[in-house]
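Student: First the structure, which I've put down as structure tokens, then a few questions once you've had a look.
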Amino acid sequence: MALLSTLELTGFEEADDKLIAYAEENNYDEAAITAVAEQLNTTFSIEAVSERNWNEEWEKNFEPVVIDGFCSIRADFHPKPSNVTYDIVITPKMSFGTGHHATTASMISLMRGIDFAGKEVFDFGTGTGILAILAEQLGATKILAIDNDEWSYVNAVENCERNNAQHIEVQQNVIENIGQQQFDIILANINRHILLAYMKQMSSCTKQNGILLLSGILSEDVAMIRAAAEENSFVFAQQKTEGNWVCMQFAKK
């Protein structure tokens, strides 16, 4: 998934024995997919998918997620759990970030130990907006959430409205365009390539003693990410590992 996420794909679906990746027909790059498959010594098949009601398909399979008894992620047709502190209602469409994947779940777990009260937060690659919404629920008072994907932007706006978020500004944008703004906390659940490419910009956007929380990192890439972060004035604080995925927390010195 991390390798494929650098391509122009619109979403992923994980099954026990396979990964399903979706692409718009005019953006499908078979040569790039083939290169990834050869790198992983695996095979793939292609199927044309007719137009369908994606929300209906999602509703058939989506189950609520409860992370550490701390935060629940559910659809509006699920009842609110009684045993969690924070509750987020989303309709993810084809955007990434439902809490089911280890990368998002690990981000949420580490966010539990961070003081967000009164903080300014930058959610870089917001997807469904789930992390921005949780940041507000944890007390952040100013949150900028950006994504360069139009589908994700629209979905994040919808989910912020659904959760009555008052302090989140969602933009279809790229990090180069946010100017000289600095934040107390940066959340970036993306992939290795983007994290490495924009580590310098993320450092510039982080206030002194601020926090950088990264995910979308495979275990074999941890040393590379840590080195890049430390070269850009970050100090390693902790990490959380689930399966082959790692979430890393740094402080800006």
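The values are calculated or read from the model by the stated rules, or taken from the named source; none is laboratory data. Just so it is clear, the structure is predicted and the values come from calculations on it, not from any experiment. Methodologically, a virtual Cβ is constructed for each residue, glycine included, from the backbone with ideal geometry; neighbour enumeration extends over all protein chains shown.
Student: Which condition from (1) out of contact with any Gly (no Cβ under 9 Å at 6 or more places or on another chain); (2) in contact (Cβ under 8 Å) with a residue 40 or more places away in the chain; (3) not β-branched (V, I, T) is the one that F183 breaks?
Tutor: (1)
Student: Could you grab the pairs with beta carbons closer than 9 Å, sequence gap of 6+ or different chains, first residue in the stretch 6-29 and touching a residue at least 40 places away in the same chain (Cβ under 8 Å), second one in a strand (DSSP E or B) and among the charged types (D, E, K, R)?
Tutor: From the stretch 6-29, the pairs are Y22/E13.
Student: Can I ask one more? Within the stretch 147-184, restricting attention to residues that are assigned to a helix (DSSP H, G or I) and surrounded by fewer than 15 Cβ atoms within 10 Å (Cβ to Cβ), which residue is modelled with the lowest pLDDT?
Tutor: Only one residue tops the list, namely E150.
Student: It is to be established whether one or more residues within the stretch 201-221 are of a type in the set (A, V, I, L, M, F, W, C) and not in a strand (DSSP E or B).
Tutor: Yes, the stretch 201-221 contains at least one residue that is of a type in the set (A, V, I, L, M, F, W, C) and not in a strand (DSSP E or B).
Student: Something else now. I'd like to know if the stretch 204-214 contains one or more residues that are of a type outside the set (D, E), touching a helix residue (DSSP H, G or I) at 6+ places or on another chain (Cβ under 7 Å) and more than 18 Å from K252 (Cα to Cα).
Tutor: no
Student: State which residue is farthest from A75 (Cα to Cα) when the search covers only the stretch 108-160 and only residues that are of a type in the set (S, T, Y) and free of Cβ contacts under 8 Å to residues at least 40 places away in the same chain.
Tutor: Among those residues, the one meeting the criterion is T141.
Student: Out of (1) touching a helix residue (DSSP H, G or I) at 6+ places or on another chain (Cβ under 7 Å); (2) of a type in the set (A, V, I, L, M, F, W, C); (3) closer than 25 Å to I133 by Cβ; (4) in a strand (DSSP E or B), the odd one out for A237 is which?
Tutor: Going through (1) touching a helix residue (DSSP H, G or I) at 6+ places or on another chain (Cβ under 7 Å); (2) of a type in the set (A, V, I, L, M, F, W, C); (3) closer than 25 Å to I133 by Cβ; (4) in a strand (DSSP E or B) one by one, A237 breaks only (1).
Student: Sticking with this one: Can you name the helices (runs of 4 or more DSSP H) wholly within the stretch 1-117 that have at least 3 residues being at pLDDT below 80?
Tutor: Counting at least 3 such residues, we get 54-61.
Student: Which residue is surrounded by the most Cβ atoms within 10 Å (Cβ to Cβ), if the candidates are limited to the stretch 204-237 and must be at positive phi and modelled with pLDDT of 95 or more?
Tutor: Here the answer is S233.
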